[in-house]
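The values are calculated or read from the model by the stated rules, or taken from the named source; none is laboratory data. Note that the structure is predicted; figures quoted are calculated from it, not measured. Every residue, glycine as well, gets a Cβ built from its backbone with ideal geometry; the counts of neighbours run over all protein chains shown. The area values use the complete protein model at the heavy-atom level, side chains included, leaving out ligands, DNA and RNA. Shrake-Rupley method; radii C 1.70, N 1.55, O 1.52, S 1.80 Å.
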Amino acid sequence: MTYAIQAEGLVKHYGATRALDGVDILVPPGRLLGVLGPNGAGKTTAVRILATLLRPDAGTATVGGYDVTRQAHQVRSMIGLTGQYAAVDEMLTGFENLMMIGRLLGMPRADSRARASELLRRFDLSDAGGRATKTYSGGMRRRLDLAASLVGRPQVLFLDEPTTGLDPRSRTELWSVVRGLMADGVTVLLTTQYLEEADQLADDIIVFDHGKVIASGTSDELKATTGAQVLEVRPLRPEHLPLVGQVLTDVLGEAPDLSGGRATASVHDPAAVPVIVRRLDDQGVVASELALRKSSLDEVFLSITGHRPEDEDTTEKEEAFA
């Protein structure tokens with residue numbers, strides 16, 4: 001099988017720090033791979049290598065069958081890249097930004113104009129296309145930035161934390177755009193710290209931590225690795241929360257998390273739930289909410305790494321100068 005993206009044993013050093021430590025990546029054509037990890041885990045370094053912006057210190061990588069170091073020109077001709085911050089000229093209009101990129105790619109003027117108009121329509125920016133980009137909202141700039149990466153009709157698209165700093169509505173709008181690209185058969189590699197984003201969009205997920213891939217699979221497969229479901233109990237009377245915590249500790253053998261007005265605990269045996277309900281009833285505790293659900297990706301990440309995805313480590317400083 002020819003993979004759209006294939007990397008084996010990627011290594012990258014920044015001084016004494018290993019930003020990548022033997023990373024393997026496989027993405028079949030037309031799939032979206034979500035790459036999760038905290039700041040400094042190596043996500044951006046991997047994207048920069050795959051997009052030919054950095055050379056690996058060891059290992060190999062191909063995009064569309066082309067080697068990213070020996071055939072960089074061919075790789076660049078078939079990829080698009082959207083980084084963490086919108087890279088558009090604020091003094092130009094949205095239309096002028098897109099047309100300029102088309103001309104830089106060698107497209108005839110008429111084709112550049114047609115492609116710019118097409119992308120403005122697709123990204124719901126036609127009404128703003130004649131305005132200077134500096135007047136755009138953050139969400140509009142991100143959409144324009146993504147449109148700019150598609151001017152050359154890439155077969156493979158790298159999205160490096162594209163929704164960083166966006167409000168929930170703008171983030172949801174961008175998700176819709178990405179789903180449209182997937183429907184068109186574009187292969188996407190998406191790095192993100194937002195686990196909900198990977199849960200919503202990714203066909204497959206890999207988890208980075210300290211420069212290594214520490215877990216991989218579909219969202220459901222990763223959630224199954226914890227071997228547990230999650231029980232959430234919110235008492236009707238807030239003063240009963242410590243009592244709920246004690247009941248869960250007695251039945252499950254470990255103390256639950258008591259925050260946000262509810263008790264949250266891992267449940268390995270669903271048969272424990274009716275026991276908990278009976279004991280709460282015996283104690284006169286009424287639950288306003290009681291739910292048994294799958295582990296979230298956030299809980300999976302915490303389980304396998306020992307920290308949450310938004311936590312930072314020192315590698316981020318090294319990556320910033322890459």
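Dipole size of the chain about its Cα centre, with +1 on Lys/Arg Cβ and -1 on Asp/Glu Cβ: approximately 1320 debye, rounded to the nearest 20. The calculated FRET efficiency for A224 paired with R109, based on their beta-carbon distance and R0 = 56 Å, is about 0.55. Taken over the range 107-215, the alpha-carbon convex hull comes to 125 cubic angstrom per residue.
Calculated mean residue ellipticity, 222 nm, the chain: -10500 deg cm²/dmol, from DSSP H runs (n ≥ 4) at -39500 (n - 2.57) each, averaged per residue and rounded to 500. Within the range 1-72, the percentage of alpha carbon pairs spaced more than 15 angstrom apart rounds to 51%. Residues whose amide H comes within less than 5 Å of that of A4, counting only those at least five positions distant or on another chain, are V27 (H built at 1.01 Å from N in the peptide plane).
Sites listed here are GluC sites (Glu not before Pro) in the range 63-156 whose DSSP assignment is loop and whose Cβ has at most 14 other Cβ atoms within 10 Å: E90. Of the GluC sites (Glu not before Pro) found in the range 173-259, those that fall in a DSSP loop while having at most 15 other beta-carbon atoms within 10 Å are E254. For trypsin sites (Lys or Arg not before Pro), the sites in the range 123-196 that DSSP calls loop and that have at most 15 other Cβ atoms within 10 Å are R131.
In this structure the amide hydrogen of G22, modeled in the peptide plane, comes within under 5 Å of the amide hydrogens of L10, V11, K12, none closer than 5 places in sequence on its chain.
Contact order normalised by length for the range 69-133, with contacts defined as Cα pairs under 8 Å and 6 or more residues apart; what percent is it? All intermediate terms of the calculation are to be shown ahead of the outcome.
On the way: 48 pairs, mean separation 25.4, N = 65.
Reported relative contact order: 39 percent.
For the range 156-235, carbon and sulfur atoms together expose 46% of the accessible surface, with a 1.4 angstrom probe and every protein chain in place. Calculated on C-alpha atoms, the gyration radius of the range 23-126 divided by its Kirkwood radius gives an Rg/Rh of 1.02. Extent along the principal axes, Cα only, for the chain: 78, 47, 36 Å, with the longest axis given first.
With all protein chains present, how much of the accessible area of the range 12-106 (probe radius 1.4 Å) comes from carbon and sulfur, to the nearest whole percent? Don't skip to the end; give the middle numbers.
On the way: 2150 of 4210 Å².
Carbon with sulfur: 51 percent of the solvent-accessible area.
Taking Cα atoms only, the orientation of helix 94-104 departs from the longest principal axis of the chain by about 60 degrees. Here the relative contact order of the chain, from alpha carbon pairs under 8 Å that lie six or more residues apart, stands at 23 percent. Here the Karplus relation 6.51 cos²θ - 1.76 cosθ + 1.60, evaluated at θ = phi - 60°, turns the backbone of the range 286-296 into coupling constants of 9, 8, 7, 9, 8, 9, 10, 9, 5, 5, 7 Hz, with x for every Gly and Pro. In this structure R121 has an accessible area near 150 Å², from a 1.4 Å probe over the protein heavy atoms. Computed from backbone phi, the HN-Hα couplings of the range 170-187 come to 5, 5, 5, 4, 5, 4, 4, 5, 5, 4, x, 5, 4, 5, 7, x, 6, 7 Hz, rounded to whole numbers (Karplus: 6.51 cos²θ - 1.76 cosθ + 1.60, θ = phi - 60°; Gly and Pro given as x).
What does the charge dipole of the range 122-244 about its Cα centre add up to, to the nearest 20 debye, if the Cβ of each Lys and Arg holds +1 and the Cβ of each Asp and Glu holds -1? Mind dumping the intermediate values first?
Numbers: 14 positive and 18 negative charges, 103 e Å.
Dipole size: approximately 500 debye.
What number comes out for accessible area per residue over the chain if the probe is 1.4 Å? Units Å², please. Provide the component values of the computation, followed by the final result.
Numbers: 15370 Å² over 322 residues.
Result: 48 Å² per residue.
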